[in-house]
1. For residues that are away from chain A (no Cβ under 14 Å) and buried (at least 19 other Cβ atoms within 10 Å of the Cβ), tally how many sit in segment B:39-59.
2. Answer yes or no as to whether B:Ala70 is of a type outside the set (Asp, Glu), touching an Asp or Glu at 6+ places or on another chain (Cβ under 8 Å) and surrounded by fewer than 21 Cβ atoms within 10 Å (Cβ to Cβ).
3. So, in segment A:38-85, exactly how many residues are free of Cβ contacts under 8 Å to residues at least 12 places away in the same chain and in a loop (DSSP other than H, G, I, E, B)?
4. Can you tell me which of B:Pro93, B:Pro71, B:Pro109 is facing another protein chain (nearest Cβ under 9 Å) and more than 29 Å from A:Gly102 (Cβ to Cβ)?
5. Please enumerate the residues belonging to segment B:123-139 that are away from chain A (no Cβ under 13 Å) and either touching a helix residue (DSSP H, G or I) at 6+ places or on another chain (Cβ under 9 Å) or at positive phi (or both).
Protein chains: 2
Amino acid sequence: MPLRSDWSANACPIARSLEVVGDPWVLLILREAMLGARRYEQFRAALGVADNVLSRRLQGMVDAGLLRRAPYRGEQRTHHEYQLTAAGSDLLPLLHALALWGETHTPAPRADAHMEIVHTACGHATSTPDVCSRCGGKLLPAEVTWRRSWRTPQVTSLASAEPDDAPG
Amino acid sequence: MPLRSDWSANACPIARSLEVVGDPWVLLILREAMLGARRYEQFRAALGVADNVLSRRLQGMVDAGLLRRAPYRGEQRTHHEYQLTAAGSDLLPLLHALALWGETHTPAPRADAHMEIVHTACGHATSTPDVCSRCGGKLLPAEVTWRRSWRTPQVTSLASAEPDDAPG
């Protein structure tokens with residue numbers, strides 16, 4: 001990660017986490033991975049990010065254990081995709097905290113641009129990032145959708161972590 | 001904020017939040033403000049950060065509404081301190097999400113270096129960032145302490161937002 005300081009051996013877990021996710025692109029790539037992106041071209045199209053920025057961040061996220069690089073067979077040759085790991089998936093509360101704070105404390109560019117985190121297990125929007133504010137259930141990716149009014153379709157289910165079944 | 005992209009008018013609240021807090025120093029300064037720091041020298045001493053980095057971040061955090069710059073009368077002249085606003089205080093779940101993820105997914109430099117978020121209203125450590133995992137109560141700053149085993153003293157109470165009583 002191209003940060004000026006190295007907090008990876010810091011006693012404070014907040015600082016150590018920032019060594020991994022203290023970069024806006026990393027969290028936006030993670031957002032897209034939660035929304036189902038796996039292939040390089042999907043991340044690039046969704047984020048409009050320069051190739052050198054994207055490839056460096058993806059590699060850093062693989063090194064940090066947020067994503068797993070896995071081969072898949074294309075028409076002509078073998079490609080690679082980026083799968084969400086358990087450690088990456090465990091950052092969902094962080095993305096939710098950012099979404100909820102942004103909804104409350106930053107102005108939306110259009111009055112109708114809003115994001116809701118919906119706990120599908122109970123059917124209600126939540127105002128807390130990790131546990132449903134309505135029913136108290138844990139916000140598991142398989143039971144959460146994001147309703148983003150400015151997108152078509154508006155509702156997107158979230159991806160769960162891929163089990164690590166790579167040969168040792 | 002010295003980011004390469006400008007997400008302040010993005011429809012996505014995650015991106016808009018990252019425009020404000022997508023910088024490790026901002027979140028480390030916020031951590032210290034939660035722990036009670038108010039004066040420039042306190043932030044500098046706690047973080048070991050260069051003056052140009054610190055002063056630029058503090059100004060950006062004032063502009064973004066996370067901190068409020070307020071005068072106080074020193075021995076010789078008037079100084080300024082940085083008070084946590086309600087918007088800044090509302091980032092506590094984000095810091096907690098970072099702390100909990102870091103405790104789980106990054107290696108501590110020493111086996112005995114651990115951070116616990118204690119909900120003093122019920123007396124138990126929480127494993128969720130916004131609502132106590134034990135009693136379900138909202139984690140208000142006035143009812144939370146951070147237990148950091150590598151610090152002396154280990155237990156620190158958190159600062160609450162300062163009411164905005166500045167003359168209009």
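Bear in mind these aren't lab numbers, they're just calculated from the coordinates by the rules spelled out. Predicted model, so just to flag it, every value in this text is computed and none were measured. Using ideal geometry, Cβ is built from the backbone for each residue, glycine included, and neighbour counts are taken over all protein chains shown.
1. Residues meeting the conditions: 2.
2. yes
3. Final tally of qualifying residues: 6.
4. Within the list B:Pro93, B:Pro71, B:Pro109, the selection yields B:Pro109.
5. Within segment B:123-139, just B:Gly123 meets the criteria.
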